[in-house]
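Enquirer: This structure is in structure tokens; I'll ask about it shortly.
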Amino acid sequence: MTDKKGLAIRCAVQSPYTGELMWRTEVIRDQAVIQAYLRQRRIIENLAHNRSANEDEGDDLFDDGEENTDIED
């Protein structure tokens with residue numbers, strides 16, 4: 001018996017005819033493709049989580065730890 005499990009992927013696409021946003025659903029049954037997709041999603045979610053954690057902490061890539069001071073003449 002074959003395995004009937006699959007992964008349904010929904011993504012928003014813009015219609016080339018009307019320009020409106022529509023949902024497209026694809027069902028993937030190839031286990032290698034599913035594993036690759038899940039691995040990439042995990043990487044993307046981890047990056048997004050790390051980015052939001054840095055924003056919450058107030059970390060700035062250009063912040064050298066010194067307060068900005070206005071220079072007056």
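Enquirer: Quickly run through region 4-32 and pick out the residues that are outside any strand (DSSP E or B), touching a residue at least 12 places away in the same chain (Cβ under 8 Å) and open to solvent by less than 80 Å² (accessible area, probe 1.4 Å).
Expert: Passing the criteria: only Gly6.
Enquirer: Within region 17-31, which residues are of a type in the set (A, V, I, L, M), under 9 Å from Leu7 (Cβ atoms) and out of contact with any helix residue (DSSP H, G or I) (no Cβ under 8 Å at 6 or more places or on another chain)?
Expert: Val27
The values are calculated or read from the model by the stated rules, or taken from the named source; none is laboratory data. Since this is a predicted model, take the numbers as computed values, not measurements. Every residue, glycine among them, receives a Cβ derived from its backbone with ideal geometry; neighbour counts consider all protein chains shown. Just so you know, the surface numbers come from the protein's heavy atoms only, side chains and all, with ligands and any DNA or RNA stripped out. Shrake-Rupley method; radii C 1.70, N 1.55, O 1.52, S 1.80 Å.
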